[in-house]
Structure formats: C-alpha cells, structure tokens
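> The structure's right below; bear with me while I get my questions together.
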Number of protein chains: 2
Amino acid sequence: MLDQILAPDLESLLEEKKEDDIRAFLRELHPADIADILMGLEPRAALDALKIIGQEGAAKVFRKLPEPFQVDIAEFLDAVDLTALARSLAPDDRVRLLKALPVERSEALLSLMDKKEGDDMRKMARFTEGTAGSLMTTEYLAMSRDATAGSCLGRIRLGGGAAGSILSVFALGDEGLLEGSASLAALIRANPDEKLSKIMDPKPLSIAALNDRKEVFSLFFRYDLLSLPVVDAEGALLGLITHDDMVGALERERTADMERFMAISGAHDNTPYLHTTIWQNFRNRIGWLIIFAFIGLLSGTILQSFGQTLASFLLLAFYMPMLANTGGISGSQSAAIIVRAIILKEILPKDVFRVFWKEMKTALLLGLTLGFLAFARVMLTSAAFQIPGAITIMDIGLAISIALAVQVIVSTILGAVLPIMAAYFGANPAHSGSPALMTIADITGFFIYFGVARLILRL
Amino acid sequence: MLDQILAPDLESLLEEKKEDDIRAFLRELHPADIADILMGLEPRAALDALKIIGQEGAAKVFRKLPEPFQVDIAEFLDAVDLTALARSLAPDDRVRLLKALPVERSEALLSLMDKKEGDDMRKMARFTEGTAGSLMTTEYLAMSRDATAGSCLGRIRLGGGAAGSILSVFALGDEGLLEGSASLAALIRANPDEKLSKIMDPKPLSIAALNDRKEVFSLFFRYDLLSLPVVDAEGALLGLITHDDMVGALERERTADMERFMAISGAHDNTPYLHTTIWQNFRNRIGWLIIFAFIGLLSGTILQSFGQTLASFLLLAFYMPMLANTGGISGSQSAAIIVRAIILKEILPKDVFRVFWKEMKTALLLGLTLGFLAFARVMLTSAAFQIPGAITIMDIGLAISIALAVQVIVSTILGAVLPIMAAYFGANPAHSGSPALMTIADITGFFIYFGVARLILRL
C-alpha cells in the first residue's frame with residue numbers, strides 16, 4: 001500500500017511548505033499514484049499539493065481522483081480558480097466535474113467560461129449517465145475526406161487531436177458525416193499527396209450518442225477497439241470514446257451488476273456511497289428483503305406441511321442445514337462452470353445435450369459420494385438417538401443419505417441447465433446465478449427431504 | 001443472434017459451392033462476426049469457408065475462434081496445410097494454437113517451420129499459462145535509442161511492427177535493454193533528425209515475463225495503457241502485450257474468479273469444459289461440497305442443542321427458513337454495496353467508522369421494518385396453532401420478530417465490515433462475498449433465533 005506509506009511523508013512536507021522537495025517527491029510518480037496518495041490527505045492539503053505540481057500535471061492527477069473528492073477539493077476554490085482548474089481538464093473530465101458539483105457552483109463555473117466552451121459543456125452534460133454520449137470526449141482530430149495524408153500529419157505536428165494520445169484521424173464528408181478513419185500508421189505509410197478518402201477504413205464502427213453504454217462495452221470487446229467514434233442520429237461525428245474512459249465506465253457497470261445480482265434495486269450510478277441518504281439506502285434494499293422473507297415463509301409453509309413427520313423424527317431437523325448447504329453449493333458450482341464455459345465459448349447452443357449428459361454423470365458421482373458419507377455419519381453418531389416405533393436408525397440413515405444424493409443431483413443439473421436456457425433465450429447467463437439457485441435449492445430441498453423420508457420411513 | 005440466423009444461409013451456399021456468393025456474403029462482415037457464424041457450422045464446413053476467404057482474411061477470423069474449435073478444424077488439415085495456416089497467424093495466436101494442438105500434431109508443425117520460427121515459438125510456448133510472458137506477441141517495432149525520428153518513420157513505412165496496428169516504437173540500449181518508448185504521434189511531431197532517446201518517454205512501464213498476469217491487468221487499468229512491453233529479468237525487451245490480448249486473458253481470469261468464488265478448486269485454465277473428464281469434474285467440486293456439508297452438520301448440531309426448545313415449539317421451526325433467507329440476503333446486500341464503493345474508491349480506509357455508523361442506521365430501519373412485518377404475520381396466521389403452557393401467541397410473535405430484527409442487523413453490519421477489513425489487509429474485498437456470508441448468517445442465525453426465543457419464552 002504505497003499510498004498509505006507515502007501520504008504522511010507528503011503531509012509533513014506540505015506543513016513545512018517545502019515546495020521544491022514536494023516537487024522532487026512527486027516528479028518520480030505516475031499521476032495515478034499521486035492521486036492515490038492525495039486521497040489519504042485532507043482535501044485542503046490535497047489542493048495545496050496540486051497547486052505545487054503545476055497546472056498541466058495537476059490536471060492529470062485531478063482526473064484520477066474520485067468525483068466526491070474532486071468536489072471536496074473544489075470547495076476550497078473560488079469561482080475563478082475553479083474555472084481555471086476546469087479549463088485545464090480534458091473536455092470529458094471537465095463535464096464529469098461539472099456534473100458532480102452542486103448546482104450553484106456549476107452555474108458559476110459555466111458563467112465564467114466563454115460562450116463556445118460553455119455551450120460545448122452544456123451539450124455534453126445533456127447526455128445522461130448510461131448513454132454512450134456521456135462517455136465521450138470532444139478532443140479528437142477530424143479532417144475533410146479530401147485532405148491529403150501530408151496535411152493530416154501536418155495538423156498532428158501542430159498539436160491537433162488530444163495531446164500525445166492521438167491514435168487515428170477521422171474523415172468527414174458533407175455536414176460533418178463520419179465517413180472513415182485512418183490510423184496514424186496508415187497515414188505514415190501513405191504517399192503524402194494521397195487523399196484521406198483513399199487511405200481511410202471506409203466503414204469505421206461508430207455508436208449513436210443516445211445508445212446504452214453497454215453497447216459501447218460490447219463493441220470494444222468484440223472488435224478489439226482502441227477508441228470508438230460517437231455520432232448523432234444523422235451520422236455526424238460528435239465525439240470519441242477512448243479506451244481509458246471505456247474502462248472507467250466498465251468498472252462502474254460491472255459493480256452495478258454485482259449489486260443487482262445481490263438483490264439491490266434503485267439507482268446504481270449517480271450517488272457515491274457516503275452521499276446517499278439512509279432513506280435511499282433503506283428503500284433500495286427493503287423490497288428484495290421482503291421478497292426473500294416471503295420466499296422463506298413459503299419454505300416454512302412447506303416445512304409445516306411435513307410437521308407431523310418432523311414432530312415424530314426431530315432427528316430429521318438436525319440434518320436440514322446440511323441438505324440446504326450442499327444443495328445450494330452444488331447448484332452454484334455447476335452454474336459457475338457452465339456460465340464460464342458459455343462466456344469463453346467452450347460450449348455452443350448445439351452442445352446442450354452433451355452438457356446435460358456430462359453434468360448428469362458428475363452429479364451421480366457427487367451425489368453417491370456425499371450420500372455414502374452422510375449414511376456413515378448418521379450410523380456413527382446418531383445411534384443413541386431415540387426413535388419412535390418400528391423404525392431403525394438404519395432406516396433414518398438411508399432416508400437422509402438418499403435425500404442428500406437426490407438433492408445434490410437435482411441441484412447440479414438445475415445449476416447447469418438454467419444458464420444454458422438463459423443464454424439460449426439471449427439473456428445474460430450470469431444472472432441465473434447464486435441467490436436464485438440457493439432459493440430454488442431450498443424449496444426443492446424440503447420436498448425432496450421429506451418426500452424421501454416419508455417414502456423410506458413408510459409414513 | 002445474427003450468427004444463428006446466418007449460419008444456415010452460409011451452410012447452403014457452401015453445399016452448393018457458390019464461392020463468389022460466399023465471398024460477397026462474408027466481405028461485408030467483421031472477422032469477429034464471421035467467426036461467430038462459422039462456430040454454428042461443422043468444423044469441416046468452417047474450414048471450407050476459411051479457404052474461400054483467403055489466407056490473410058482467414059487468419060483474422062481463425063484467431064477469433066475458440067481453441068477447441070481451432071483444433072477441430074486443424075484435424076482436417078495435413079501437416080503442410082496446418083503449417084501454412086499457422087504461419088499466417090500472428091506470433092501469439094500461433095503459439096496459442098500450438099499449445100492447444102495434440103502433441104504429435106504440434107511437433108509435426110514445429111518440424112515444418114524453419115529453425116528461427118520454430119525456436120521463437122518454442123521460446124514463447126515455454127511461458128506457462130498465467131504468466132505475463134504467455135500473453136505477449138513478438139510483433140513489435142524496436143529501434144536503437146540512437147535512431148532518428150525519421151528513420152523510425154521510415155521503418156514503419158516499410159511495414160515494421162505489426163501490420164496496421166502499431167502504436168509506438170521501443171527504444172533499445174545495449175544488449176537489447178528497454179530504455180524507452182515513443183508514441184507515433186510523438187514521432188510525427190519530432191524533428192526528423194532528432195534521436196529516439198530525446199523523443200522517448202524514458203521510464204516506460206514494463207513487466208517481467210514470469211510475473212503473474214494479474215499484474216498485467218492491474219497495470220493496464222491503473223495506468224490506462226494501450227500496450228505493455230514484456231522484459232526478461234535483466235530488462236531486455238522480449239515482447240509486447242497488446243490491449244486486445246489483455247482483454248481476452250482478462251475474460252478467462254474473471255470467469256476463473258467466479259468459479260473460485262463458487263467453491264470450485266483445481267485448474268481453471270487449461271482444459272475447455274467439453275474436454276475435461278468426469279473424474280476431473282468430480283475432483284474439483286467434491287472437496288468444497290464436503291466442507292459445506294460439514295458446516296451444515298455444525299449448524300445442525302447447534303440446532304440439536306436447542307432440541308428441547310424446538311420440540312416444545314415446533315412453530316419456531318417453520319420460521320427458520322425466513323430467518324436464514326433474510327439474514328443471508330441482507331448481509332450480501334450490504335457487502336455488495338460496500339465492495340462496490342471500495343472498488344470505485346467512494347470509500348477510503350479512513351471512512352471505516354462513517355460506514356459502520358451509516359450501515360448501523362440502515363440496518364436498524366431494515367430490522368425494525370421486517371420485525372414488524374413478521375410480528376403481524378405471526379399474529380394473523382398462526383393464532384390457531386397449539387402452544388403449550390402459559391405462553392401466548394403474542395410471546396411467540398415477539399420472539400420471532402425480535403430474532404429477525406437482530407439477525408438482519410447483525411448480518412447487515414457483518415456484510416459491511418468484512419469487505420472493509422479484507423481491503424484494509426490488502427485482500428480482494430470481493431472474496432468476502434456471498435457464500436461466506438450466507439454460511440456465517442446461517443450459524444449466527446440459529447444462535448440468535450433460539451437465544452432470543454429462550455429469553456422471551458423464559459425457557
């Protein structure tokens with residue numbers, strides 16, 4: 001934890017106002033590392049450090065800070081300094097800050113920008129979180145399709161496109177329509193007099209600004225992209241999604257999926273944890289909790305319907321948690337294996353019967369092994385237990401071990417089949433995962449357990 | 001599902017041997033899309049389609065096919081044709097195919113390569129799965145640090161570096177040591193006579209070939225990289241990990257994490273699902289299943305220690321599943337929220353008490369709401385149930401609802417605190433996730449439930 005070690009050092013340097021030492025200390029570090037160190041400081045001290053770093057470097061560090069911390073730092077800046085800071089950021093980072101700021105501050109910021117800058121920011125800020133447009137930057141290099149390779153390179157030489165990070169040049173037709181893109185390597189290789197329209201890839205992938213950002217991720221992954229142009233409904237170029245902005249948004253999306261998976265509803269995006277209210281927190285969780293409580297009541301009702309059996313053989317109750325655990329886990333195991341194989345394309349829809357057959361055989365082996373172990377355990381440890389009527393401990397052992405084997409087999413196969421079915425119908429197989437399976441395993445478990453017990457104990 | 005619609009079309013074109021139509025049909029598609037369509041065909045037909053596409057295009061499609069399908073296709077090729085196919089692939093894709101092939105085929109392939117090619121492949125194949133070296137390609141452009149910008153651009157013009165996809169030029173010092181890297185944009189902007197050593201970023205990030213590939217992912221994400229050079233122990237340049245190869249490996253890693261999370265042990269990498277044996281399948285799962293069965297037995301033993309209470313108040317048993325569900329889910333909910341906030345850096349280590357306090361308040365609200373609902377439910381539906389002795393249904397209702405409230409509060413706080421502790425000690429917070437919490441919730445649940453019941457029912 002580099003950042004936890006270095007933050008106190010930096011803090012004492014700041015207190016002693018040793019600016020040169022601070023500069024020397026931070027010069028060796030990557031902006032991402034500096035951001036981590038600053039996050040260990042109070043916002044006021046972090047701002048002092050940023051000022052010492054100097055404008056260009058500070059912008060690179062500032063963009064790596066989480067938005068709530070950016071807002072905390074901004075509180076120590078007056079409107080003029082805040083505007084200067086915002087100006088030093090790349091357009092997309094600037095809009096991100098604008099959206100995170102309280103309304104009165106963001107309006108003060110906009111009023112101090114010149115008209116074109118302010119309009120650009122308002123235009124970008126209008127794309128709501130979750131759209132492709134909200135991920136784009138307006139820093140890119142676009143030339144007329146009739147421009148020559150030489151003139152494109154000349155523009156790059158003059159600093160066109162984002163500083164240092166330009167990867168390709170876009171070719172525009174009439175009315176700003178995106179007609180192609182050319183990599184820097186292609187421009188270097190081309191004859192300087194050749195027209196962009198001859199060099200460019202004439203069918204560049206692009207995305208409409210209002211499309212869901214999930215489509216951005218799948219385009220990046222599927223086609224191994226480094227950047228993706230964003231267009232309006234007519235096909236005019238609006239901006240560019242770079243690889244690093246895609247990755248940042250992906251992390252937000254993946255973790256939101258995790259929350260959804262764990263039964264949390266509501267907005268997953270806008271408010272950082274420490275800024276949500278208790279009431280929001282409560283509201284996002286209570287719904288699913290009540291639903292799961294209700295499912296638990298259902299299981300309880302099933303259990304109640306076997307009340308007579310349970311009352312006669314209390315011993316059965318003590319093995320219930322074992323049945324529930326092994327059922328839930330064996331289903332989750334096969335689900336995880338199958339979901340992985342689907343994602344990695346090791347299994348195709350046509351393989352469904354091979355998968356079923358293979359899981360069936362594995363399930364049989366697992367079920368028999370666990371059943372045998374459970375039988376041994378009952379015989380060894382529960383022999384002294386009082387059992388009513390003509391029933392022997394051997395009967396009970398058989399009932400428990402057969403129920404366990406059936407439970408493991410049923411759960412394993414359910415765990416394998418549900419994700420394949422989900423994938424077949426175009427759903428995300430990962431969502432047929434753990435909580436759903438645990439619940440299904442619970443309910444089928446009671447039926448299997450008491451069903452087998454009644455059968456074997458002849459009730 | 002474009003691929004499922006188009007595969008039959010392609011199949012009939014192949015049967016009728018309409019080569020021109022096939023070419024026209026496939027020309028409009030991206031290699032990734034063609035690969036998806038081919039996967040719906042028999043390997044033999046897929047090979048026919050690849051042959052019609054022509055060598056360069058076929059290589060781009062072939063690399064997008066999953067390895068087992070590559071091997072299936074290779075079975076229809078003799079050694080000479082297989083070698084030709086392998087030669088058309090990029091070095092890293094070639095090694096991936098080599099590793100996937102059966103030993104006798106891969107040896108035949110190597111024996112037909114010329115000595116240098118074969119040695120290169122053997123060298124790359126030696127890096128085992130999971131190392132940074134196994135992800136690299138040897139297609140990159142490296143120049144002496146004394147080369148000029150103009151000569152670098154000249155080499156690119158002559159086709160140096162990977163065809164089309166080159167992003168930067170590496171600067172080598174004595175003995176091939178990596179000393180810097182320069183982006184194409186920097187080369188274009190530089191004076192043609194300037195030396196690479198003046199243009200380059202002198203401290204490029206790199207990774208040692210034997211390091212774990214997990215470090216590759218964290219470097220890419222943390223520093224927004226587009227590619228990462230791989231060096232040997234002395235710092236000499238060995239190869240390059242490109243962004244798309246990183247993403248492919250990441251998908252394998254993420255899904256392997258999912259398997260580990262769901263309690264599957266063993267090798268997660270090398271063998272595709274349909275190629276594993278039943279015995280391997282069994283062995284990877286049985287261990288954790290037995291462990292979870294054992295934990296279930298522990299819960300059962302705890303239950304057994306409350307056997308007298310349970311026998312007197314069978315009604316308590318029927319509410320057990322509800323307690324278990326709500327406990328498990330409320331813990332998972334707060335864990336998911338906190339893990340997400342940690343990953344997105346919304347929470348820093350210094351915030352631990354604020355988080356605890358906030359979750360405590362949310363937990364109280366959740367617990368009281370659910371407790372109230374449970375009380376109402378007991379009073380409304382279980383009034384007719386027979387209760388022994390001087391105990392009223394009101395007592396039972398109170399016992400169940402208080403136990404539920406306590407259970408939800410304890411699980412919520414555990415769910416929040418465990419990931420923060422994991423993160424504090426440098427572990428992956430995501431691993432303190434669902435199954436662990438469900439199990440802890442199970443065991444604490446029994447103690448809370450019967451403890452509260454005994455207290456209130458004065459047993």
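> What number goes with the only condition from (1) surrounded by fewer than 19 Cβ atoms within 10 Å (Cβ to Cβ); (2) touching a Leu at 6+ places or on another chain (Cβ under 9 Å) that A:Ala185 does not pass?
Of the numbered conditions (1) surrounded by fewer than 19 Cβ atoms within 10 Å (Cβ to Cβ); (2) touching a Leu at 6+ places or on another chain (Cβ under 9 Å), the odd one out for A:Ala185 is (1).
> On to the next question. Please report, ordered by residue number, the helices (runs of 4 or more DSSP H) entirely within the stretch B:178-227 with at least 2 residues that are touching an Asp or Glu at 6+ places or on another chain (Cβ under 8 Å) and over 21 Å from B:Val247 (Cβ atoms).
B:196-199
> Let me ask you something else. So is B:Ile338 surrounded by 21 or more Cβ atoms within 10 Å (Cβ to Cβ) and modelled with pLDDT of 80 or more or not?
Details: surrounded by 21 or more Cβ atoms within 10 Å (Cβ to Cβ): yes; modelled with pLDDT of 80 or more: yes.
Yes: the conditions hold for B:Ile338.
> Here is a follow-up. Out of all the residues in the stretch B:249-268, which are in a helix (DSSP H, G or I), more than 8 Å from every other protein chain (Cβ to nearest Cβ) and modelled with pLDDT under 80? Break it down stepwise before answering.
Residues of the stretch B:249-268 that are in a helix (DSSP H, G or I), as a first pass: B:249-261.
Within this subset, residues satisfying the condition of being more than 8 Å from every other protein chain (Cβ to nearest Cβ) are B:249-250, B:253-254, B:257, B:260.
B:Glu253, B:Arg254, B:Asp257, B:Arg260, listed by residue number.
> Restricting to helices (runs of 4 or more DSSP H) lying wholly in the stretch A:269-367: which have 1 or more residues that are β-branched (Val, Ile, Thr) and in contact (Cβ under 8 Å) with a residue 24 or more places away in the chain? Can you show your working first?
Numbers: elements: A:278-305, A:307-312, A:314-318, A:320-343.
Because the criterion is at least 1 residues that are β-branched (Val, Ile, Thr) and in contact (Cβ under 8 Å) with a residue 24 or more places away in the chain, the helices (runs of 4 or more DSSP H) in the stretch A:269-367 that meet it are A:278-305, A:307-312, A:320-343.
> Mind checking which residues of the stretch B:30-80 are in a helix (DSSP H, G or I) and acidic (Asp, Glu)?
Let us first name the residues in the stretch B:30-80 that are in a helix (DSSP H, G or I), namely B:31-38, B:43-53, B:55-62, B:67-74, B:79-80.
Of everything in the stretch B:30-80, those that are in a helix (DSSP H, G or I) and acidic (Asp, Glu) turn out to be B:Asp33, B:Asp36, B:Asp48, B:Glu56, B:Glu67, B:Asp72.
> Going by the structure shown, is A:Thr277 over 30 Å from A:Leu219 (Cβ atoms), more than 7 Å from chain B (Cβ to nearest Cβ) and modelled with pLDDT of 75 or more?
On the way: over 30 Å from A:Leu219 (Cβ atoms): yes; more than 7 Å from chain B (Cβ to nearest Cβ): yes; modelled with pLDDT of 75 or more: yes.
When the stated conditions are applied, A:Thr277 passes them.
> Moving on to the next point. Could you tell me which residue of the stretch B:293-314 is nearest to A:Gln304 (Cα to Cα), considering only residues that are at the interface with chain A (Cβ under 7 Å from one of its Cβ atoms) and of a type in the set (Gly, Ala, Ser)?
The qualifying residue nearest to A:Gln304 (Cα to Cα) is B:Ala311.
Results for (1) modelled with pLDDT of 85 or more; (2) of a type outside the set (A, V, I, L, M), shown as yes or no for each residue.
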position: A:Phe221; (1), (2): no, yes
position: A:Leu237; (1), (2): yes, no
position: A:Val247; (1), (2): no, no
position: A:Tyr273; (1), (2): no, yes
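> Mind checking which residues of the stretch B:296-331 are polar (S, T, N, Q) and over 24 Å from A:Val408 (Cα atoms)?
Step one: filter the stretch B:296-331 for residues polar (S, T, N, Q), giving B:299, B:301, B:304-305, B:308-309, B:312, B:325-326, B:330.
B:Ser305, B:Gln308, B:Thr309, B:Ser312, B:Ser330 - these are the residues of the stretch B:296-331 that are polar (S, T, N, Q) and over 24 Å from A:Val408 (Cα atoms).
> Here is a check on your reading of the model: is B:Asp92 over 20 Å from A:Leu219 (Cβ atoms) and within 14 Å of chain A (Cβ to nearest Cβ)? Break it down into steps so the answer makes sense when it comes.
Details: over 20 Å from A:Leu219 (Cβ atoms): yes; within 14 Å of chain A (Cβ to nearest Cβ): yes.
Criteria met by B:Asp92.
> Output the residues belonging to the stretch B:188-208 that are surrounded by fewer than 21 Cβ atoms within 10 Å (Cβ to Cβ) and in contact with a Ser or Thr (Cβ under 7 Å, 6 or more places away or on another chain).
Passing the criteria: B:Pro192, B:Asp193, B:Glu194, B:Lys195, B:Asp201, B:Pro204.
> With the structure loaded, tell me whether B:Leu101 is more than 30 Å from B:Leu13 (Cα to Cα), buried (at least 18 other Cβ atoms within 10 Å of the Cβ) and modelled with pLDDT of 85 or more or whether it fails that test. Talk me through it step by step, then tell me what you get.
Working: more than 30 Å from B:Leu13 (Cα to Cα): no; buried (at least 18 other Cβ atoms within 10 Å of the Cβ): yes; modelled with pLDDT of 85 or more: yes.
Against the criterion (more than 30 Å from B:Leu13 (Cα to Cα), buried (at least 18 other Cβ atoms within 10 Å of the Cβ) and modelled with pLDDT of 85 or more), B:Leu101 does not qualify.
> I'd like the full set of residues that are within 14 Å of another protein chain (Cβ to nearest Cβ), surrounded by 20 or more Cβ atoms within 10 Å (Cβ to Cβ) and farther than 16 Å from A:Pro229 by Cβ, limited to the stretch A:110-151.
A:Ala149
> Condition check: farther than 17 Å from A:Ala182 by Cα and not β-branched (Val, Ile, Thr). Does B:Arg157 satisfy that? Give the derivation first.
Details: farther than 17 Å from A:Ala182 by Cα: no; not β-branched (Val, Ile, Thr): yes.
Judged against the criteria, B:Arg157 is not a match.
> Quick one: which residue in B:Ser227, B:Ser218 is within 14 Å of chain A (Cβ to nearest Cβ), crowded, with 17+ Cβ neighbours inside 10 Å and small (Gly, Ala, Ser)?
On the way: B:Ser218 fails: crowded, with 17+ Cβ neighbours inside 10 Å.
Matching residue, one of B:Ser227, B:Ser218: B:Ser227.
> Just to be sure I understand, how many residues within the stretch A:113-140 are hydrophobic (A, V, I, L, M, F, W, C) and without any contact (Cβ under 8 Å) to a residue 40 or more places away in the chain? Reasoning before the result, please.
Quick first cut of the stretch A:113-140, residues hydrophobic (A, V, I, L, M, F, W, C) only: A:113, A:121, A:124-125, A:127, A:132, A:135-136.
Narrowing further to those that are without any contact (Cβ under 8 Å) to a residue 40 or more places away in the chain: A:113, A:121, A:125.
Qualifying residue count for the region: 3.
> Here's another thing I want to ask about it. From the list A:Val378, A:Val339, which residue is within 12 Å of chain B (Cβ to nearest Cβ) and either touching a Pro at 6+ places or on another chain (Cβ under 9 Å) or under 30 Å from B:Leu38 (Cα atoms) (or both)?
Working: A:Val378 fails: either touching a Pro at 6+ places or on another chain (Cβ under 9 Å) or under 30 Å from B:Leu38 (Cα atoms) (or both).
One residue alone meets the criteria, A:Val339.
The values are calculated or read from the model by the stated rules, or taken from the named source; none is laboratory data. Owing to the predicted nature of the structure, the values given are computational and were not obtained by experimental measurement. No Cβ is skipped: glycine too gets one built from the backbone with ideal geometry, and neighbour counts run over all protein chains shown.
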